Structure formats: C-alpha cells, structure tokens
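Worksheet: one structure, shown below.
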Amino acid sequence: MRKHIGRGLTWVVAAVALAAVVVAQARPTYDLVIRGGRVFDGAGNPWVLADVAVRQDAIVAIGPGLAGKGQREIDARGLVVSPGFIDTHTHARRGIFQVPTADNYVRQGVTTIFEGPDGSSPLPLRPFLEKIAALGISPNWGMFVGQGSIREAVIGRADRKATPDEIATMKELVRAGMRDGAFGLSTGLFYVPGIFTPTDEVIALAAVAGGMGGMHVSHMRNEAAGILDSVRETIAVGEQGHMPTQITHHKIIGTKNWGRSVETLRLVAEARARGVDVTIDQYPYTASSTGINALLPPWALEGQQADVVARLRDSAQRAKIKQAIIDSLMYDRGGGDPKNVQIASCGWDPSLAGKNLTEITRARGAEPTMEHAAETVMWMVEQGGASGIFHAIDEADLERILQDPVTMIASDGEVPIFGRASPHPRSYGTFVRVLGRYVRERHVVTLADAVRKMTSFPARRVGLLDRGVLRPGMKADVAIWDADAIADKATYEQPHQYAVGVHTVIVNGQIVFENGKMTPARPGKVLYGPAYRAAQ
Ligand SMILES: [Zn+2]
C-alpha cells in the first residue's frame, strides 16, 4: 500500500513539474519578436543580422538568436528592419480626420508625422491636439506652431510692420504654442502674411521658441532668384536667435537658378563651421506643390480674396499682375512653359485636377502662349484659386542636396482621400522613392545613410529622444521592408498609388500594417515638445 502511495506521489510530482515546464514554454517572453532581419539601427551604421524583441510599446532586446518566444513572431529573414520613418514636414491635417489611419504614410513605413509647417498651424494648439488624441490615429503626431497663423491672428493679412504691442502679443502666442506642446516655430515667409514679416520680427518670435527648447523651421521667402538671400535669412534666424534653424523642403526653382545648390550648401556648411545649428529637409521630386496664387506677386495677395479680386479687376493693377505672372511662368515656378503647371485640386471645378495650364488655356479657346496662360491663372484665381504642381526643379540640384549630410527627408505631403483630386505624389511616395530610386537605382546615398535621414536624424533634430533609433528602451516604432523591392508607384498622372515593398509597420509596439493591409489598430500618440514636457 505504502509503496503504491509513494509511486502515486512520484507521478503527481512529475506531472506538476512537467506542467510547469509546459507553462513556462507556452508563456511568451515577449509580445513580439522580429526574427533574423537586417537591422539598421537608424544611426547610420551598417545593418547587423539580429532579432528585435518588443514588450508593450518598447523595444526590450536586440541581438542575434534571442532566446525566448514572442506572442507574435515575424520572420524578417531577407528583409530590412529599421526604425519607423519620421516626417517632420506634413500638411496631414488635410485628410487626417477623414483617414485617421494615414494609409499613404504608414504604407511607406512612416510612424511619426509632424504638422504645423510653413508658418501655418491651428491656434491654439492644445484643443487641436486633444482632437487628434480623441480621434485615434495610426502614426504618432507632433506639431510646430505657425508664425504666419500668429501674425494673421494679431495683425491680419496686412503688409506692414508690427507695433511693439503687437510683437509682445505675438511672442505670448509663441509661448502659448510651445507650452501647448509645439516642437518649435515654423515660418512660411513665402506666403501671406509671413511674407510681410521683416527678418528682425521673425528672429524676435523665433527666439522665444528657442528659449523654450524649440527650433525654427522655414519655408523660405524665395526659392528661386532670391534663394541665396533666403538661405542667409534662415541662417540669421538661428544665429541671432541662438537656436536651431532649418531650411525646409530645400530646392532650387526656375531654370535660370539651377545649379545654385552648390552655393546654398556652401552657405549652410560655412554657417555650421562657425557654430550655427542649421539643417535641411527635402522631398525627392523635381516638382513642387502649392496654391496657384504663388504665381502672383506678394503685393497682389495682401488681404482677403475680395481684395485680390478687386486688384484683378482694376486694369492698371491687372496689367502689372499679368506681367509678374508671365515672369513667374518663365523664370520661377512655371519652369518656362505653361504645361509645367498642373492643377492638383480645384474646389470650384474638380474636373480641372490633373490638367495643366496649356490644356486649360486651350479649353478656354486660346492658344497657350505665356500671355494667355497668365490670363488663365488670373481667371482661376478670381474663381477661388486652386492648388497646383509646378515642374521647375533640376535633378542635379535635388541629388546634390540629398547627398549633403545635414539633409533629412520630409514629405511636405498630406493625407489624401484615396482617388480624390490629383495631389502631388510626394504624399504617397517620398520615403520609399528615396530608398528605391535614389539608393537602389541611382546610388546617390547609401542605404544606411538614407535610413538615418529618415529616422535618427529627424528624431534628434526635433528632440524626440525615445524614437528614431532601434535600441532597447526606445519606443517600438519599426518598419520592415524589402530593400530590393521598396519603391514609389505614385506619379504626377496617377498619384493615388500606394508604396510597394513594405512588409510590416509597427507603431508603439502594435502592428498597423501587414500582409498588404492596414490593421484596425490606431496606436499613434500625440507627441509633445520640450516646453510641455518640462512642465510635466
Ligand atoms: Zn512649404
């Protein structure tokens, strides 16, 4: 009997021990393990073969042949594993409320987007950021506060200097924007009303953001004939404002100015050599995109639409505006030919999207001369304007700027409604185009450097210290992609085409894209800038 009991106990002990082993094996060590990929850390280093383990929203281990199981395991053999891409210049508030998953960005491997560029942001920022948080989006979201929006709120769209009282009010709005979570001040000195801002006023406002740990990023006053002075001005803001400053979407517009990136990059290098913290961002296309009002001279754009239309109906002013548009078509954004100006979207006649100025001028019954094309532009502005795509950038300048070590990648895109209008393809293709066309096909930059320009560099630049690098302790924003296949499909003719070659995208530890599809997860977080964080 005793013997039997003893044997029975032995069995029980053995069974319990076995069960413990089974449980230990079944309980995953990690939430997610990405196995055997070519891991780029984002800092510019060559890839290493390694596994990447994630628990909750953070990377917890990286190394070859990691022991332990993931609740989910992804086989990344033959694929690149990199930090998710960080886009510091987007207009994503156009579309994010319709498409909170921001498919066009996520499908490129983008995991963080920044809004509020070109001097334009919602004011105040906090309620807007609360709306984004409540919406629930797939990528992370950060913001700049816009100098143009601030000036418009205080002075309107008037072409005049600010009074000392107005400057004090504007400084307070910069301070409020920084406290609400901005990463810095953006300027759009090309646009109304930024264009009416003297440099010393820009510096005074930017310095407020700088004093609170923020940076200045500028769509410069002029990207064509005035490019060198504009670069000098952007550098002066950093130098005299004692803060980081950035030339956004750097490009050289207009055939007569092509080649000047040699000089702009030299100005940047010289400034950095004397200690000015100046950097650049860029999108990889030879066309820009903005409102067709950009073809008009700034003085014609002061005030509201009614003021602009009134000038166009005054014959003397109309003649001056027309000549300025002709000059712009010849030497600036028009690139010397009306067919270089293509309509991206048009509220009052959506059928114009995708058509160019030559076609629209013909359709109105006129030969597409520069004069007639200028008439078409004025007619379109009178009807309410439109957004345009302008083919006037040289590939050699693009590649020279891309090669500069202080250039990062940023799209200047938006969140398109799939199939609607004819937006610039940069919204769908910026990051994957760099990796496909400019790394794989044209060898303009190395893969490791391109990844750096999309990850650790923008993260470091805006002061995001827990993203942009794959390292234990960092947030798990990860892109898994095929370096041999990654490419942009969106074209100027057929923009609504998603990127190819991206395998899986992870935001804050959650998979947002896999098997060619967006998942229902919306783990994107609102990211707050330095002054907000310091106050917590
Ligand atoms: Zn811009």
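The values are calculated or read from the model by the stated rules, or taken from the named source; none is laboratory data. Model, not experiment: these values are computed from the prediction. Cβ placement follows ideal geometry from the backbone for every residue including glycine, while neighbour counts extend to all protein chains displayed. Quick note on the areas: whole protein, heavy atoms, side chains included, nothing else; ligands and nucleic acids left out. Shrake-Rupley method; radii C 1.70, N 1.55, O 1.52, S 1.80 Å.
Each peptide in 144-152, 523-531, 438-446, 105-113 receives the mean, over its residues, of other Cβ atoms within 10 Å, and ordering these scores from highest gives 105-113, 144-152, 523-531, 438-446.
Entry note, the chain: relative contact order of 21 percent, from Cα contacts under 8 Å with a spacing of 6+ residues. Taking 0.36 nm per residue of sequence separation and removing the Cα-Cα distance, the D327/E382 pair yields an extension gain of 17.8 nm.
Working from label points 7 Å from Cα in the Cα-to-Cβ sense, the A158 to D349 distance is 3.6 nm. For a test of the definition: using alpha carbon positions, the gyration tensor, and the 1.5 limit on a/c, classify the range 150-223 as rounded, prolate or oblate. In terms of gyration-tensor shape, oblate. Its Cα centre serving as origin, the chain has a Cβ charge dipole (Lys and Arg +1, Asp and Glu -1) of approximately 2080 debye. Placing unit charges on the Cβ atoms of the charged side chains and taking the dipole of the range 317-380 about its Cα centre, the candidate lying farthest along the positive direction among W348, T361, G336 is W348.
For Cα pairs less than 8 Å apart in space and 6+ apart in sequence, what is the mean separation divided by the residue count of the range 439-518, i.e. the relative contact order in percent? It comes to 19 percent, rounded to a whole number.
Within the straight-line cut-off of under 17 Å between alpha carbons, the aspartates and glutamates reachable from K161 are E152, D200, E201, E302, sequence neighbours fewer than 8 places apart in one chain being disregarded.
Between amide H atoms placed 1.01 Å from N, distances below 5 Å from T279 occur with T245, Q246, I247, all of them 5 or more places distant or on a separate chain. Across all C-alpha atoms in the range 318-447, the radius of gyration and Dmax reach 17.1, 51 Å. Using a cutoff of 8 angstrom between alpha carbon atoms and counting only pairs six or more residues apart, the relative contact order for the range 23-171 works out to 18 percent. If R0 is taken as 51 Å, the Cβ-Cβ distance between R364 and A534 corresponds to a FRET efficiency of 0.35. Hydrophobic long helices, here whole DSSP H runs in the chain with Kyte-Doolittle means of at least 0.0 and Cα atoms spread over 27 Å or more along the helix axis, are found at 2-26.
If the segment from Q56 to A310 were pulled out straight at 0.36 nm per residue, it would be longer than the present Cα-Cα gap by 85.5 nm.
Taken along the Cα-to-beta-carbon direction at a fixed 7 Å, the label points for E166 and R420 span 3.6 nm. Spin-label model, L228/A67: points 7 Å from Cα along the beta carbon direction are separated by 6.5 nm. In the chain, the DSSP beta bridges split such that about 55 percent are antiparallel, to the nearest 5.
Put simply, the chain fits an ellipsoid with semi-axes of 48, 25, 21 Å; these come from the alpha carbon gyration tensor as the roots of five times its eigenvalues, largest first. For the chain, adding -39500 (n - 2.57) for each run of n ≥ 4 DSSP H residues and dividing by the number of residues yields -11000 deg cm²/dmol at 222 nm.
For the range 79-154 and the range 156-178, compute the distance between their C-alpha centroids and round to whole Å. With the range 79-154 and the range 156-178 each reduced to a Cα centre, they are spaced 24 Å. Packing around the peptides 43-52, 301-310, taken as the average count of other Cβ atoms within 10 Å per residue, puts them in this order, highest first: 43-52, 301-310. Here the extension length gained between A319 and Q494 equals 59.4 nm, from 0.36 nm per residue of separation less the Cα-Cα distance. When the Cα positions of G63, T163, V52 are compared along the charge dipole of the range 41-192, T163 comes out farthest toward the positive end, with charges on each C-beta of Lys, Arg, Asp and Glu. Judged by the gyration tensor of its Cα atoms, with axes a ≥ b ≥ c, the range 301-361 is oblate; a/c meets the 1.5 cut and b/c is at least as large as a/b. Volume of the convex hull of the range 204-298 (Cα atoms only), normalised per residue: 110 Å³. Counting only residues at least eight positions apart within a chain, or on another chain, the lysines with an alpha carbon under 25 Å from that of K525 are K131, K453, K475, K517. On the beta carbon distance between L49 and E399, with R0 = 30 Å, the FRET formula returns roughly 0.45. Report the residues of the range 47-65 in range of a label on D466: point 7 Å along Cα→C-beta, backbone N strictly under 19 Å from it. Hits in the range 47-65 for D466 at 19 Å: 53-62. Karplus-derived 3J(HN,Hα) values for the range 187-197, using 6.51 cos²θ - 1.76 cosθ + 1.60 with θ = phi - 60°, are 10, x, 6, 8, 9, 6, x, x, 5, 8, 8 Hz; glycine and proline are entered as x.
Taking all protein chains as present, what is the carbon and sulfur share of the accessible area of the range 407-536, in % to the nearest whole number, probe 1.4 Å? Here it works out to 48 percent.
Listed by chain and number, the lysines whose alpha-carbon sits under 24 Å from that of K322, ignoring those within fewer than 8 places in the same chain, are K256, K339, K355. Measuring with a 1.4 angstrom probe and ignoring ligands and nucleic acids, R179 comes out at about 110 Å² accessible.
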